[in-house]
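Enquirer: Dumping the structure here so I can ask a few things about it.
The values are calculated or read from the model by the stated rules, or taken from the named source; none is laboratory data. Just so it is clear, the structure is predicted and the values come from calculations on it, not from any experiment. Ideal geometry is used to build each Cβ from the backbone, glycine not excepted, and the neighbour counts take in all protein chains shown.
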Amino acid sequence: MKCAFCNNNFYIKRSILELFKIEREYICNRCYKQYPINIRLEKIQLDIYECTIISMFDKKYYIDMNYYIKEYSKIFNAFYKKENNHLLFFDEIDLNDDTFAILDGISKLFESNLIILTFNVK
Ligand SMILES: [Zn+2]
């Protein structure tokens, strides 16, 4: 397979049982190490409700995040069906007073806790 980032060919070691299982990989191991996923969960107390921020990366990478769709959807599925929560998506979130005021407003509008899925926190 060709790596989506560095364009190098790479191979995935498979056991005989997995040989016919088609699993698409987009990024080679070297690039995975260069842009490592580090999932962090941060809880913020808003005025009434609570906001959970889940970020995937430590910093902003200028890469096509679509190639991380497998990891992204796993995180999404883990939080999607949590009751009394609203799920929001941001490429990047800047945690400052304005952001907190906006999040506070959103949580009051939906009358629920918020879960924010983002690539990185500024
Ligand atoms: Zn690569």
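Enquirer: Suppose we filter ILE48, ILE54 for residues that are within 13 Å of LEU114 (Cβ to Cβ), touching a residue at least 24 places away in the same chain (Cβ under 8 Å) and within 13 Å of the chain's Cα centre (by Cα); which single one remains?
Expert: None of the other options fit; the residue is ILE54.
To keep it simple, each residue is scored yes or no on (1) part of a strand (DSSP E or B); (2) hydroxyl-bearing (Ser, Thr, Tyr).
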| position | (1), (2) |
| --- | --- |
| CYS51 | yes, no |
| LYS59 | no, no |
| TYR62 | no, yes |
| LYS74 | no, no |
| LEU88 | yes, no |
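Enquirer: Considering the stretch 49-69 alone, what residues qualify as being within 16 Å of the ligand (Cβ to nearest atom) and surrounded by 12 or more Cβ atoms within 10 Å (Cβ to Cβ)?
Expert: TYR61, ILE63, MET65, TYR67, TYR68
Enquirer: Taking the condition of being surrounded by fewer than 13 Cβ atoms within 10 Å (Cβ to Cβ), at pLDDT 70 or above and in a loop (DSSP other than H, G, I, E, B), how many residues in the stretch 16-36 meet it?
Expert: Of the residues in the stretch 16-36, 1 are surrounded by fewer than 13 Cβ atoms within 10 Å (Cβ to Cβ), at pLDDT 70 or above and in a loop (DSSP other than H, G, I, E, B).
Enquirer: Okay, moving on. Condition first: among the hydroxyl-bearing types (Ser, Thr, Tyr) and part of a strand (DSSP E or B). Now tell me which residues in the stretch 90-122 satisfy that.
Expert: Passing the criteria: only THR118.
Every residue, every condition in (1) among the small types (Gly, Ala, Ser); (2) assigned by TED's automatic domain parsing to the domain that holds MET1, yes or no:
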residue: ILE27; (1), (2): no, yes
residue: ARG40; (1), (2): no, no
residue: ASP47; (1), (2): no, no
residue: TYR72; (1), (2): no, no
residue: ALA78; (1), (2): yes, no
residue: ASP104; (1), (2): no, no
residue: GLU111; (1), (2): no, no
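Enquirer: Which members of the stretch 23-48 meet the condition of being more than 30 Å from LEU103 (Cα to Cα) and either in contact with a Lys or Arg (Cβ under 6 Å, 6 or more places away or on another chain) or within 16 Å of the ligand (Cβ to nearest atom) (or both)?
Expert: ARG24, GLU25, TYR26, ILE27, CYS28, ASN29, ARG30, CYS31, TYR32, LYS33, GLN34
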